[in-house]
Amino acid sequence: MKVQLNDLASQQVAVSRAALEAIARVGQGARFILGETVEQLERWLAEACGASEAVGVASGTDALELSLRALGIGAGDAVVTPAFSFIAAAEAIAQTGARPVFCDVEPHTLNASAGTVTEAIARARRSGLRLRAIVPVDLFGLCAPRRELAALAASESLAVVEDAAQALGGRDEMGRPAGAAGITGCFSFFPTKNLGAWGDGGAVVTSDPELAARVRRLRAHGATGPYIHGELGRNSRLDALQAAVLLAKTSHLSAWQAARQELAARYAEGLAGLPLEVPSAPTPPALHAWHAFVVRCERRDPLAASLRERGVESRVYYPVPLHRQPCFAALGEPALPNSERACRTALALPFYPGLSDEAQTWVIDSVRRFFATS
Ligand SMILES: Cc1ncc(COP(=O)(O)O)c(C=O)c1O
């Protein structure tokens, strides 16, 4: 049986009519860039995150970079971020001119913690770096430990910019929404995200009105008035067609989140007892957004090959830790063993709202078969 990692097409069936109607309304209104539709999405997102403001931008990567730039971070500064993640946060830090300092992740949560960030801070200080911020990542939809990171950031006078790109709908250990951990929370609307556009998009969420105003200026060429540019920004405006699609999807989000919880619980049950590390749901009020279901296996590559033979798609998130990426090799970062091990062992299994019981059972049976026969 063929089982895809993600089946975006099946999701569109439920939303395409409303999305196409919303797109037609934007067409009729002819306000294609920013405008009322984007503002409506911004209001929805701010409310969903319990923040006072949201600013729509062109991508999650831009949300991170513009957040950092709005905080005045740039050349001569350093920012801590985990080595086991997608590259966007580290890239955004580097694009501001600052230096990424990589911290390790905890072996089970795969997220940064006060312990791993403290080690990176000490290393950065020994090298004489000027630390300005921490960018924790809510990896695969699990919020990074907010309380301990906030306490550490406060004691070290560092800002927290939360990379919540994968965590919309998740909640931290205090039950607060993903994206509200720091001075800004950064979201991506890349099509495969829990709330995905029909193209690229992103947003910065904050309860600091001045910071929101600065991100708004930076996303539109640093303009302070018509054709007056107080500083250099860029073109990073969220377009209204994407906002219209996203708004059309918001009414489905809670049902999709519930489906993700059920799929995760079913995998956890079906894969119990195998020599695999299976991610577990955090203790309430924390809520995993379950962007992806990533197991860890010492024989990861043979497992992936055996799944492929049975028609099951899987994916390695992420094969190379950021401190070992060619683009960051010159930084000469030390070994970060948990991140390196995660890159050797992590494997994402098919996971999306709409994955049928039959398909999930096939995946579970295929994994079990691999261990039974090899
Ligand atoms: C953890 C994380 N951060 C940031 C991003 C960047 O988002 P975008 O692709 O919208 O630039 C992604 C997306 O792919 C991501 O997974």
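If we sort 215-225, 182-192 on the protection proxy, mean other Cβ atoms within 10 Å, highest first, what's the order?
Descending mean neighbour count gives 182-192, 215-225.
Using only the Cα atoms of the stretch 253-373, build the gyration tensor, take square roots of its eigenvalues as a ≥ b ≥ c, and label the shape rounded, prolate or oblate: rounded if a/c is under 1.5, else prolate if a/b is larger than b/c, else oblate. Display every interim value, and only then the final one.
On the way: a/c = 2.05, a/b = 1.37, b/c = 1.49.
The shape class here is oblate.
Sort the chain into rounded, prolate or oblate with this rule: let a ≥ b ≥ c be the square roots of the eigenvalues of the Cα gyration tensor; rounded if a/c is under 1.5, and if a/c is not under 1.5, prolate when a/b is larger than b/c, oblate otherwise. Please report the intermediate quantities before stating the final value.
Numbers: a/c = 1.95, a/b = 1.17, b/c = 1.68.
Oblate shape, in that a/c is at least 1.5 and b/c is the bigger or equal ratio.
Positive end of the dipole of the stretch 220-374, charges at C-beta (+1 Lys, Arg; -1 Asp, Glu), about the Cα centre: which of Y317, V278, A244 has its Cα farthest in that direction?
Y317
Indicate the gyration tensor shape class of the stretch 5-56 (rounded, prolate or oblate), computed on the Cα atoms with a ≥ b ≥ c the square roots of the eigenvalues: a/c under 1.5 is rounded; otherwise a/b larger than b/c is prolate and the rest oblate. Write down the numbers at each step before the final one.
Working: a/c = 2.75, a/b = 1.20, b/c = 2.29.
Cα axes put the stretch 5-56 in the oblate bin.
About its Cα centre, what dipole magnitude does the chain give when the only charges are +1 on Lys and Arg Cβ and -1 on Asp and Glu Cβ, stated in debye to the nearest 20? Display every interim value, and only then the final one.
Working: 37 positive and 38 negative charges, 89 e Å.
It comes to approximately 420 debye.
Using a 1.4 Å probe on the protein chains only, how many percent of the accessible area of the chain belongs to carbon and sulfur? Intermediate values should be presented prior to the final figure.
Values: 8510 of 15580 Å².
Looking at the chain in its full context, I get 55 percent from C and S.
Run the quick spin-label model on V316 and E21: label points 7 Å from Cα toward the beta carbon, then report their separation in nm to one decimal.
Simple spin-label model gives 4.6 nm for this pair.
Using only alpha carbon pairs under 8 Å that are at least six residues apart, calculate the relative contact order of the stretch 102-254 and give it in whole percent.
Numbers: 270 pairs, mean separation 20.7, N = 153.
Value for the stretch 102-254: 14 percent.
Keeping every protein chain present and rolling a 1.4 Å probe, give me the accessible area per residue for the stretch 8-250 in Å². Intermediate results must be reported in sequence, preceding the final value.
Details: 9280 Å² over 243 residues.
Normalised by residue count, the accessible surface of the stretch 8-250 is 38 Å².
Pairs of alpha-carbon atoms within less than 8 angstrom and 6+ residues apart define the contacts here; what relative contact order does the stretch 208-358 have, in percent? Let's see the in-between values first.
On the way: 149 pairs, mean separation 29.6, N = 151.
Result for the stretch 208-358 is 20 percent.
Relative contact order for the chain: what percent, with Cα pairs under 8 Å and sequence separation of 6 or more?
Numbers: 809 pairs, mean separation 83.2, N = 374.
This gives 22 percent for the chain.
Please give the Cα centre distance for the stretch 325-355 versus the stretch 221-269, rounded to the nearest Å.
Between the Cα centres of the stretch 325-355 and the stretch 221-269 lies a distance of 25 Å.
Report the local net charge at T118: Lys and Arg +1, Asp and Glu -1, summed over other residues whose C-beta lies under 15 Å from its C-beta. Show your work: numbers first, answer last.
Numbers: positive: R123, R125, R126, R147; negative: D104, E106, E119, E148, E156.
Combined, the nearby Lys, Arg, Asp and Glu give -1.
Quick one: if you stick a label point 7 Å off each Cα along the C-beta vector at S155 and A9, how many nm between them?
Simple spin-label model gives 5.4 nm for this pair.
The values are calculated or read from the model by the stated rules, or taken from the named source; none is laboratory data. None of the values given here were measured: they were computed from a predicted structure. Reconstructed Cβ throughout: ideal geometry from the backbone, glycine too, with neighbour counts over all protein chains shown. The area values use the complete protein model at the heavy-atom level, side chains included, leaving out ligands, DNA and RNA. Shrake-Rupley method; radii C 1.70, N 1.55, O 1.52, S 1.80 Å.
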